[in-house]
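Heads up: the structure comes next, in structure tokens.
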Amino acid sequence: MKLLCLTLDFHLPACRSLKEKRRRLNGLKDKFGNKPNIAVSESGFHDMHDRARWSFAIVGENSRIIDAQKEQIQEYANAIIDGFVTHCDAEYLL
């Protein structure tokens, strides 16, 4: 069993409220939060309108499966989110 912690930082230009921030990023939780082996959390910059940090805990049998899911999350974040990924950190904890 392996565990990966993936953290993504976002810059959300022209975001004027926390409600708009949640709306822009809610797709991450909707798309990946319902998978049984992924936990999703907004983990930083809670009170800032134009910045966000989201963390994903991905559990799997082997690193190949986990890495594939990590790539899906990163591709989705880069292609769909109305903002920019400014930092990405991935660390195997187990």
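No value in this document is a laboratory result; all are computed from the given coordinates. This one's a predicted model, so the numbers in the text were calculated from it and none came from an experiment. We place every Cβ from the backbone using ideal geometry, glycine too, and count neighbours over all the protein chains shown.
Before moving on, here are some points about what is shown:
- Close amide-amide hydrogen proximity is noted between residue 44 and 53, each under 5 Å apart and 5 or more residues distant or on a separate chain (H modeled in the peptide plane; Pro and chain starts excluded).
- Pairs of Lys residues in the chain that lie 8 or more places apart, or on two chains, and have C-alpha atoms under 18 angstrom apart add up to 8.
- Hydrodynamic radius of segment 2-92 per Kirkwood, over alpha carbon pairs, in Å: 13.2
- Residue-by-residue Karplus 3J(HN,Hα) for segment 68-74, coefficients 6.51, -1.76, 1.60, Hz, glycine and proline x: 5, 5, 4, 5, 4, 5, 5
- Selected from 93, 11, 66, residue furthest toward positive end of dipole (the chain; charges at beta carbon): 11
- Computed from backbone phi with θ = phi - 60° and the Karplus coefficients 6.51, -1.76 and 1.60, the 3J(HN,Hα) list for segment 38-48 is 10, 10, 10, 8, 6, 10, x, 6, 4, 9, 9 Hz; x is used for glycine and proline.
- Basic side chains Lys and Arg get +1 at the Cβ, acidic Asp and Glu get -1 at the Cβ, and with that the dipole of the chain about its Cα centre reaches some 320 debye.
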